[in-house]
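Colleague: Pasting a structure below so you can have a look.
The values are calculated or read from the model by the stated rules, or taken from the named source; none is laboratory data. Only a predicted model underlies this, so the values are computations on that prediction, with no experimental measurement involved. Positions of Cβ are generated from backbone atoms using ideal geometry, with glycine treated the same way; all protein chains shown enter the neighbour counts. For accessibility, only protein heavy atoms count, side chains too; no ligands or nucleic acids. Shrake-Rupley method; radii C 1.70, N 1.55, O 1.52, S 1.80 Å.
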Amino acid sequence: MAETITQAPETVNLTIDGKKVTVPKGTLLITAAFQAGADVPYFCHHPRLKPAGACRMCLVRIEKMAKLQTACTVPVSEGMVVDTLSPEVKQAQQGILEFLLINHPLDCPICDRGGECPLQNMTFQYGPGVTRFIDEKRHFPKPVPLNDYVSIDRERCIQCSRCTRFQAEIAGDGALAIESRGNSAVIAPFSLDGFQSHFSGNTVELCPVGALLSRPYRFQSRPWEFHSTDSVCSMCGVGCNIAVQTRTNQLMRVNSRLNEDVNEEWTCDTGKFEQYWVNSEERITTPMIRRASVLKPCSWDEALTAVAEAFSSAAKSSSNTVAGIGSTRTSNEEAYLFQRIFRTALGSNNIDHRMHDFPIRPMETSLAAIGEAKAIVAIGFDPKQYLPVVWLRIYKAISNGNATYAHVSSVDDPAVEAALAVGEGAILLTDDHIASADLDKLTKRAKSAGAKINVLLPDNNSWGAILMGVLPDRLPSLQPVGNGARPKFEALWGGPVPDKPGLATWDILKAGAAGDIRALYVLGSNPVASFPDRDLAASALEKIPFVVVQDLFLSESAQYANVFLPASSFIEKAGTFTNIEGRVQPFGAAIRPVGDSKPDWQILSELYARLGASAPFFGPADIAREIAHSADKNTFAGDRR
Amino acid sequence: MFTVEAKEQLDNIVKKYPTKRAALLPALWLAQEQYDGWLPPEALREVAGYLEMPPAEVEGVATFYTMYNKEKIGKFHIEVCHNIACMVRGADALIDQIGEKLGIGKGETTPDGKFTLSGAECLGACANAPCMMIGAKYFEDLTPEKVDAIVEEYKKK
Ligand code: SF4
Ligand code: SF4
Ligand code: FES
């Protein structure tokens, strides 16, 4: 007889509620049930967390098994016959809910989770309808702040352990645990520390009840009252996908939005809780012009006319006397328009956005690939502080793949050598403060070892500013101003583009301090506070006869402004940001511009018209179309996997 | 802070287990000895650091078990069993008697910090009920007279 080789089946066939399904081996029964269209209720189950079997809500009948089983902990097996609908299962679901509600305060009318609460929904759908519990429920002080952002209402907790598992398995800090036991069990951080984590806000979204609460959002809105707009976080270069939730033209809450390639379904606490500046009372929302040495409110027309006149008369005398310092936070469309105005209407390449020189180098791997690395070294920066969600990928590599990880200060650290010895699968992370010489050295070593280097830029649109050409020597798509791409842009923009590189930020400031700049445009940046040599920045802005600052707040640099143009925040406009990976991500306008503020693109477009643009841009989409038309799609390809 | 000897002891405990965290219960026990019979948060942090575990998790475990004391206790911890066998043999009266003598109730500590009085779950000496422990020492077949004498003796220590 011929030898038969029976291969272990990759898939498993089972029957759920009479329906046959085939799923990969190792799938949890609850996942298979969803695939079969069965509606198994659950609380503690979460596809990104390890099974816990903590809440018992997902009980189902599996044929040949003595008792009901928790579908979230049982892996499927061949020929399994499962029932999720029988009266027995129904009764179990009711029983579990009755138990869960014994100690639940049912204060839905004043609970922030009301209206989007899994416990509320499950109770409506599967609950017993009436309670037989007439005794005193357990009581706790409520709510108790656990850190600046999150508080806990322990009466509402159903001990599902999603929060503790998230902190241990995803954030990697184990900052929450279940304390005490039985009826006294509570969720708590370590008593001396409080809830110390960069990712605590995710537990608010994971909590299936209103136990973990956002402190800034508390009592601000009900979920059915706000409007949710797809957006992108403005706080760092990762570009986490977020939902901006707004009501009465104000930001209420930031939730995360799924993007498997970027943030999966997480954000850091900065993203979730530190974007309320958009609501700040301190925002300047009317244009201002300096009269008798004081900034006084004025009309947009007056402000823009003053800017247009100052810049065109300076440029007429010499295009070397105008300069612009852009930002790593404005959208791609705005960055593009900014440099186009300087290059065409003012004939100057004196534009930059950098506060210091750094190597411009695309990431060599994707963000997701970091989660699969075998060895990771962060050199010269702490990812947790600086680009927090990158840390979640690093921790994924550590916890799933047993990757080694070190965070070191120098390229010569032995940990770098150790990672390079791993060869392929080693990823070195560094930031824009690495010296070019160090990076070159590192690159050679990495190349021969087969390792990858990712230079991570800090801000939400650092790459946008670079790729849109807010650089003195580069046109969009990193094309050198002197080379063959210039005629293409001249044709597109309808006029000559200077072919000599302009001044970099540091040279602009030096020239300014020396009295060689007559008009300076500060767009969304703040050199007086963020340029390393603050004194130079301050004396330059002091000396330059005409300074226009376009921003949301009266920044340190705005103290020197002759004209202040109030810009709108990112939630008041649409556009795109380019993240650390070079991924272009769109964000929508969630609210109307606050006060008389205007989106940067609109301010620039109106100014452009006053400087003689033949056709204005009517919206970010107009600009985006031109960018798409002119962009070199290979700029960012690098040797990306 | 752990003494040098205690650290050595801890090293030896850890060696018995496949992972560091598996040594948590004996490590906490040792810490309780090092910290005058109870586990202040600093002790939990020290254990957590040693076993490379999040301190929140260590605190979670320490609060799960009643025999780890989370509050400062007296020099002598009197634990009188109040489970069924001892109870029917008069444990409650003994607890009251000791309490009166020391001027404290169940779960309290004398102002001089010398005695803490607790009711304990089964101490495993039901055959010789009623029984109690002071520190690690057992006292069985208790009578009001015996208890009086024992407490008097400890008062002198
Ligand atoms: S606080 Fe919320 S997430 Fe954490 S265990 Fe309680 S119910 Fe679950
Ligand atoms: S990691 Fe960066 S992009 Fe993501 S939420 Fe935090 S600040 Fe925002
Ligand atoms: S969802 Fe299965 S036990 Fe909680």
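Colleague: Sorted by mean Cβ packing within 10 Å, highest first, what order do the peptides A:104-110, A:531-537 take?
Modeller: On the way: A:104-110: 14.3, A:531-537: 16.6.
Going by the mean number of other Cβ atoms within 10 Å, highest first, we get A:531-537, A:104-110.
Colleague: Specify whether the C-alpha gyration tensor of segment A:42-93 places it in the rounded, prolate or oblate class, a ≥ b ≥ c being the square roots of the eigenvalues: rounded for a/c under 1.5, otherwise prolate if a/b is larger than b/c and oblate if not.
Modeller: oblate
Colleague: Could you please put A:D230, B:D11, A:D432 in sequence from largest to smallest accessible area, using a 1.4 Å probe?
Modeller: If we order A:D230, B:D11, A:D432 from most to least accessible, we get A:D230, B:D11, A:D432.
Colleague: Putting +1 on Lys and Arg Cβ atoms and -1 on Asp and Glu Cβ atoms, find which of A:Y149, A:V60, A:S462 reaches farthest to the positive end of the dipole of chain A.
Modeller: About the Cα centre, the residue reaching furthest to the positive side is A:V60.
Colleague: What is the percent of Cα-Cα separations in segment A:242-348 that go past 21 Å?
Modeller: 61
Colleague: Work out the P(r) tail for segment B:50-100: percent of alpha carbon pairs separated by more than 16 Å, whole number.
Modeller: In whole percent, the share of Cα-Cα pairs in segment B:50-100 beyond 16 Å is 60.
Colleague: I'm a student and want to see the number: the projected area of the Cα convex hull of segment A:135-279, averaged over all directions, in nm².
Modeller: Result: a mean projected hull area of 9.7 nm².
Colleague: Excluding ligands and nucleic acids, what accessible area in Å² is computed for A:H433 using a 1.4 Å probe, to the nearest 10?
Modeller: 130
Colleague: Oh, and also: A 29 angstrom limit on the alpha carbon distance is what I want to check against. Which of B:K101/B:K137; A:K272/B:K70; A:K25/A:K447; A:K598/A:K633 exceed it?
Modeller: Checking Cα-Cα distances, A:K272/B:K70; A:K25/A:K447; A:K598/A:K633 exceed 29 Å.
Colleague: Please give the charge dipole size of the protein assembly as shown, origin at the Cα centre, charges +1 on K and R Cβ atoms and -1 on D and E Cβ atoms. Round to the nearest 20 debye.
Modeller: 1020
Colleague: Report, to two decimal places, the Cα Rg of chain A normalised by 2.2 N^0.38 Å (N = number of residues).
Modeller: Compared with the compact-globule rule of thumb, chain A sits at 1.12.
Colleague: Within 10 Å of each Cβ in peptide B:44-55, how many partner chain Cβ atoms are there on average? Round it to a whole number, please. Don't skip to the end; give the middle numbers.
Modeller: On the way: counts 3, 4, 0, 0, 2, 0, 0, 0, 0, 2, 13, 9.
Per-residue shielding by partner chains comes out at 3.
Colleague: In terms of the Cα gyration tensor, with a ≥ b ≥ c the square roots of its eigenvalues, is segment A:367-456 rounded because a/c is under 1.5, prolate because a/b exceeds b/c, or oblate?
Modeller: oblate
Colleague: Let me ask you something else. With unit charges on the beta carbon (Lys/Arg positive, Asp/Glu negative), name the residue among B:G107, B:N83, B:V4 whose Cα is farthest towards the positive pole of the charge dipole of chain B.
Modeller: Farthest along the dipole direction, towards plus: B:V4.
Colleague: When the accessible area of chain B is split by element with a 1.4 Å probe, what percent falls to carbon and sulfur?
Modeller: Working: 4750 of 8450 Å².
C and S atoms contribute 56 percent here.
Colleague: Using a 10 Å cut-off on Cβ atoms, rank the peptides A:191-204, A:604-617 from the highest mean neighbour count down.
Modeller: Put in order of decreasing packing, that is A:191-204, A:604-617.
Colleague: If you take the accessible area of B alone, add that of A alone, and subtract the area of the pair, what total do you get in Å², probe 1.4 Å, to the nearest 100? Present the calculation step by step, with values, prior to reporting the outcome.
Modeller: Numbers: alone 8990 and 27100 Å², together 35000 Å².
That pair hides around 1100 Å² of surface in total.
Colleague: Separate question: Averaged across orientations, what area in nm² does the convex hull of the alpha carbons in segment B:4-64 project?
Modeller: Numbers: hull surface 14.9 nm².
For the Cα atoms of segment B:4-64, the hull's average projected area reads 3.7 nm².
Colleague: Across 10 Å bins from 0, what is the distribution of all Cα-Cα pair distances for segment A:103-165, in whole percents?
Modeller: Bin by bin from 0 Å, the calculated values are 17, 49, 29, 5.
Colleague: Now for a separate question. Tally up the carbon and sulfur contribution to the accessible surface of segment A:11-100 as a whole percent, 1.4 Å probe, everything protein left in place. Don't skip to the answer; put the middle values down first.
Modeller: Working: 2520 of 4410 Å².
Of the solvent-accessible surface of segment A:11-100, carbon and sulfur hold 57 percent.
Colleague: If you don't mind, there's one more thing I want to ask. Any idea of the accessible area per residue across chain A, 1.4 Å probe, to the nearest Å²?
Modeller: Heavy-atom SASA per residue in chain A reads 41 Å².
Colleague: Return the Rg/Rh value of segment A:488-596, two decimal places, where both radii are evaluated on C-alpha atoms and Rh is the Kirkwood radius.
Modeller: 1.04
Colleague: Next question. Counting Lys and Arg as +1 and Asp and Glu as -1, each charge on the Cβ, what is the dipole of segment A:11-100 about the Cα centre in debye, to the nearest 20?
Modeller: The dipole of segment A:11-100 has a size of about 240 debye.
Colleague: To the nearest 500 deg cm²/dmol, what mean residue ellipticity at 222 nm is calculated for chain A from DSSP H runs of n ≥ 4 alone, each contributing -39,500 (n - 2.57), summed and divided by the residues?
Modeller: It lands at -8000 deg cm²/dmol.
Colleague: Under a point-charge model restricted to the Cβ atoms of Lys and Arg (+1) and Asp and Glu (-1), what is the dipole moment magnitude of chain B relative to its Cα centre, in debye to the nearest 20?
Modeller: Result for chain B is approximately 260 debye, rounded to the nearest 20.
Colleague: A further question follows. Stokes-Einstein D for chain B at 37 °C, 0.692 mPa s, Kirkwood Rh over Cα pairs, in µm²/s?
Modeller: Translational D for this selection: 195 µm²/s.
Colleague: Of B:P18, A:C298, B:P144, which is farthest along the charge dipole of the protein assembly as shown in the positive direction, counting Lys and Arg as +1 and Asp and Glu as -1 at C-beta?
Modeller: Looking along the dipole axis, the top candidate is A:C298.
Colleague: Mind checking segment A:173-240 for GluC sites (Glu not before Pro) that DSSP puts in a loop (not H, G, I, E or B) and that have at most 16 other Cβ atoms within 10 Å?
Modeller: A:E225
Colleague: Okay, next question. Which order do B:E5, A:E281, B:E59 take by accessible area at a 1.4 Å probe, largest first?
Modeller: Reading off the accessible areas and sorting them downward yields A:E281, B:E5, B:E59.
Colleague: Too long at a 32 Å Cα-Cα cut-off: which of A:K384/A:K444; A:K441/A:K488; B:K72/B:K156; A:K444/B:K20?
Modeller: A:K441/A:K488; A:K444/B:K20
Colleague: Turning to a different aspect of this structure: As a test of understanding, state the convex hull volume per residue of segment A:16-175 from its alpha carbons, in Å³.
Modeller: Per-residue hull volume (Cα only) is 137 Å³.
Colleague: Using a 10 Å cut-off around each Cβ of peptide A:166-178, what is the average number of partner chain Cβ atoms that fall inside?
Modeller: Per residue, the average neighbour count from other chains is 3.
Colleague: Working from Cα positions, state the angle (0 to 90°, nearest 10) between the long axis of helix A:620-630 and the longest principal axis of chain A.
Modeller: Rounded to the nearest ten degrees, it is 80.
Colleague: Please give me, ordered by residue number, the GluC sites (Glu not before Pro) of segment A:66-150 that lie in loop per DSSP and have at most 15 other Cβ atoms within 10 Å.
Modeller: A:E78, A:E116, A:E136
Colleague: What does the accessible area of B:I95 come to, in Å² to the nearest 10, when a probe of 1.4 Å is used?
Modeller: Using a 1.4 Å probe on the heavy atoms, I get roughly 10 Å².
Colleague: Ignore the peptide's own chain and count Cβ atoms of other chains within 10 Å of each Cβ in A:219-232; give me the average, rounded.
Modeller: So the per-residue partner count for this stretch is 0.
Colleague: Here is a further query. Give the lysines whose C-alpha is closer than 23 Å to that of A:K90, dropping any in the same chain fewer than 8 places away, or say none.
Modeller: List returned: A:K19, A:K20, A:K64, A:K67.
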